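Take this structure first; my questions come after.
The values are calculated or read from the model by the stated rules, or taken from the named source; none is laboratory data. Just so we're clear, the structure is a prediction, and the values are computed from it rather than from any experiment. Virtual Cβ from ideal backbone geometry, glycine too; neighbours counted across all protein chains shown.
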């Protein structure tokens, strides 16, 4: 039952097959034993028992006992599966909220702060942006890789992940 531990036992076909086969095997074994013992008892008490009824009847009782034992083992396995499944915690279901597509998104603008610290932060952001725009890298310092790469030929990205084409 690899990977099937997330579904309940009541929805497992294997569980129900084991239970039904075990119950049927137990019933057949009990029927064989009771039928043969009943026949042997009546014929032995009447004094009309033959060798076939006595000796073959004993063998069939032994066969019936084996079938009955197999059915009981199957029922015990079924109970063991139920007990083991009750010990395994079930994962909590993920709660997912439905998206309400009828509601428009609020595009409210936050009011600009007017404190002195906000003005200082704004001027420092402007100077950092000016410094970044003013940085020029000479072409000699730029590393280029114009050689064909096998990953492009195989349909994979340079990092080894497959490329997605649509």
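What number of residues within segment 38-54 satisfy the criterion of being loosely packed, with under 15 Cβ neighbours inside 10 Å and touching a helix residue (DSSP H, G or I) at 6+ places or on another chain (Cβ under 8 Å)? Don't jump to the end; show me each part of the working.
Kept after step one, since they are loosely packed, with under 15 Cβ neighbours inside 10 Å, are these residues of segment 38-54: 38, 41-42, 44-48, 50-52, 54.
Within this subset, residues satisfying the condition of being touching a helix residue (DSSP H, G or I) at 6+ places or on another chain (Cβ under 8 Å) are 44, 50, 54.
The total comes to 3.
Are there any pairs with C-beta distances below 8 angstrom linking a residue in segment 1-26 that is in a helix (DSSP H, G or I) to a residue that is at pLDDT below 75 and loosely packed, with under 13 Cβ neighbours inside 10 Å, with the two at least 6 apart or on different chains, and if so which?
Between residues of segment 1-26 that are in a helix (DSSP H, G or I) and residues that are at pLDDT below 75 and loosely packed, with under 13 Cβ neighbours inside 10 Å, the close pairs are 14/1.
Oh, and also: Check 57, 35 and return the single one that is modelled with pLDDT of 85 or more, assigned to a helix (DSSP H, G or I) and surrounded by 16 or more Cβ atoms within 10 Å (Cβ to Cβ).
57
Yes/no matrix, rows are residues, columns are (1) free of Cβ contacts under 8 Å to residues at least 12 places away in the same chain; (2) closer than 11 Å to residue 29 by Cβ; (3) touching a strand residue (DSSP E or B) at 6+ places or on another chain (Cβ under 8 Å):
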{"position": "46", "(1), (2), (3)": "yes, no, no"}
{"position": "53", "(1), (2), (3)": "no, no, no"}
{"position": "56", "(1), (2), (3)": "yes, no, no"}
{"position": "61", "(1), (2), (3)": "no, yes, no"}
{"position": "67", "(1), (2), (3)": "no, yes, no"}
{"position": "70", "(1), (2), (3)": "no, yes, no"}
